[in-house]
1. In what sequence do A:Ser127, B:Ser187 fall when counting other Cβ within 10 Å, fewest first?
2. Determine ³J(HN,Hα), in whole Hz, for all residues of the stretch A:72-85 in sequence, where each value follows from phi through the Karplus function 6.51 cos²θ - 1.76 cosθ + 1.60 and θ = phi - 60°; x replaces Gly and Pro.
3. Among B:322-330, B:233-241, how do they line up by average Cβ neighbours within 10 Å per residue, starting with the highest?
4. What list of ³J(HN,Hα) values in whole Hz, one per residue of the stretch B:177-188 in order, does the Karplus curve 6.51 cos²θ - 1.76 cosθ + 1.60 (θ = phi - 60°) give from phi, with Gly and Pro shown as x?
5. Going by the alpha-carbon gyration tensor, a ≥ b ≥ c the square roots of its eigenvalues, is the stretch B:246-343 rounded (a/c under 1.5) or, if a/c is not under 1.5, prolate (a/b greater than b/c) versus oblate?
6. Can you compute 3J(HN,Hα) from phi for each residue in the stretch B:350-367, using the Karplus curve 6.51 cos²θ - 1.76 cosθ + 1.60 with θ = phi - 60°, rounded to whole Hz and x for Gly and Pro?
7. Once amide H atoms are placed 1.01 Å from N in the peptide plane, what residues at a sequence separation of 5 or more from B:Ile133, or on another chain, have their amide H within under 5 Å of its amide H?
8. I'd like the GluC sites (Glu not before Pro) in the stretch B:269-366 restricted to DSSP loop residues with at most 15 other Cβ atoms within 10 Å, sorted by number.
Amino acid sequence: MVSAKLHESLIAVALLALLLGFGAGPARAHKEAHTAEQLKAFEDVFMEQVKIGDLLFHGDPGTQKSLGVQLSKTGMACAMCHPYTSDTHPYQFPKFQEQMNAFATLRDMINWCIEKPNEGEKIDANSDAMKALEAYIYWSNRNSKLEPGVH
Amino acid sequence: MSDREHLRREMDRVLRAPGERPDGSISLTRRTFLHKSLLQGAAGAAAYGLFPTLSMIDLAFAQGGQGFRFAWVSDTHLYPKSLNTRFVEKATRAFKDVQAMSPPPDFLIFGGDLGQLGDPVELQLGADLLQEIKVKKVFIPGEHDWYLDMGATWNRMFGKAPWTFDHKGVRIVGLDTVSHAEDFWTSRKMTAKERMGHMATLDGTLGGAWAAVGAEQLKWLNTALNDWPKDKPVLVFSHNPLYEYYPPWNFWVRDWREVNETLKPFANVTNIHGHVHQPLYNEIGKLRSIGMLATSWPWPYAPEGVPVLTRAMIRVDPGEPFDGVGWGLLTTSANARTDAEYKMWRKEVFATTQVDSGTGDNDNQILSPRIADRI
């Protein structure tokens, strides 16, 4: 049964939607419709990060230097164990991660791999390098369905 | 059914003679596992992880041969010691294991990718480590050994492939499946190191379908087998698999159909290959293929194409450098059967469920050229 409070909230949302014009036009009534150029620009921003992430994932020295990171000290790169990001399972995070014995995000896992197998230097979880690695890993797994928590 | 699966089945249909069935060794393999696990006091097939002898794949060789054993080591991917000692430790362990065998193996086959970037320092390091092994050694190259100087150092230090010799009733052939890449470097004005870097990238795009036997070597293979009785066993060593597993990672040779046609007249052909860094088993017609471990690191099973006859390796712990890697011991028994054993440095080798092998993990991928290669 819907509580009285929730019922009032639903009515309020419905009234707001009417005021904003939902149902009478495009869902983006709160802003201008995107132009094709804008959408292309958004995609370009994303794909640039994917490319940077690809270079980092494959151990490109120049990209690491420009971002001030050292992802490996053994010569190993992420892609050597994860060709095309295979077995990175980004769609399963957050989840309990055995190696860490902890509940972990994809960023935690990236840092674990940098520190353990690669013997590199852990990177800031919100750094440009981390975002680029994340972009590349997600892009490479873009056909996945979300399975958070699955091992 | 995918086009690739359709093609695979069609090739098998064409190559397998009427009335033939997949080799009975598969059922023998299962019996071997069960027998061994019972000996160990373990229950059921789930407990067939043996230590240190971890798997058995029985292969029928023609009757009449003598028994012998040989060792396979490959994919050591050595860096200079100053950069990485981990791979040195693992290669050293494998070579010491081989040397410690009693009685010793008749020979060692090194199956390619001794170095990581073809650096003469890496190849010399490998040669130094291989001094540990006193028995006969034979070599075939991997792509990581080749593309810095197009095989010059490799050939000088380890000899040219292909080659062949007969051993106790078996004709043994070593192939070069790595030197046939199309020239992607000249027009791009790449340095030798840049060329090597692209070839050393498994999921790279520019190297293309570089794995091949090539027309000239196929002609040589025909000649090398021409005087060999069709009912006698043939053993073929190659870095890459001689069938189509997963072309985007060159887990194949691009002319595998022609190779299979060449080997088709022979009743008993076994191909032992490296490159894949994982246990694999396949049969196409009369050609059996066994994929061997690397000593350096394991690879995940490819998104598609894993042969259904394969017993998949269990997931490994990336935090444990000695997990998921090792070498191989192959034994031809006196009654002309050969066991292939994965000498993996852990207790359990094979997964009993897909979730533990990861063979179904990556089929979500939309394969596309490497984004950083789109220059």
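1. On the way: A:Ser127 14, B:Ser187 7.
Ascending number of Cβ neighbours within 10 Å: B:Ser187, A:Ser127.
2. My calculation for the stretch A:72-85 gives 7, 10, 10, x, 6, 10, 3, 5, 5, 9, 10, x, 6, 6 Hz in order.
3. Values: B:322-330: 23.1, B:233-241: 26.1.
Output ranking for B:322-330, B:233-241: B:233-241, B:322-330.
4. Whole-Hz 3J(HN,Hα) from phi for the stretch B:177-188: 10, 10, 8, 10, 5, 5, 6, 9, 9, 4, 5, 8.
5. Details: a/c = 2.44, a/b = 1.33, b/c = 1.83.
The shape class here is oblate.
6. So the J values, rounded to whole Hz, are 9, 7, 9, 9, 5, 4, 8, 9, x, 5, x, 6, 10, 6, 6, 5, 9, 5.
7. Under 5 Å from the amide H of B:Ile133 lies no amide H from a residue far enough along the sequence or on another chain.
8. Values: sites: B:Glu283, B:Glu304, B:Glu341, B:Glu348; in loops: B:Glu304, B:Glu348.
Qualifying residues, ordered by number: none.
Each value in this text was obtained by applying a stated rule to the coordinates, not by laboratory testing. The structure displayed is predicted, hence computed values, not measured ones. A quick note on method: Cβ atoms are made from the backbone with ideal geometry, for glycine too, and the neighbour counts reach across all protein chains shown.
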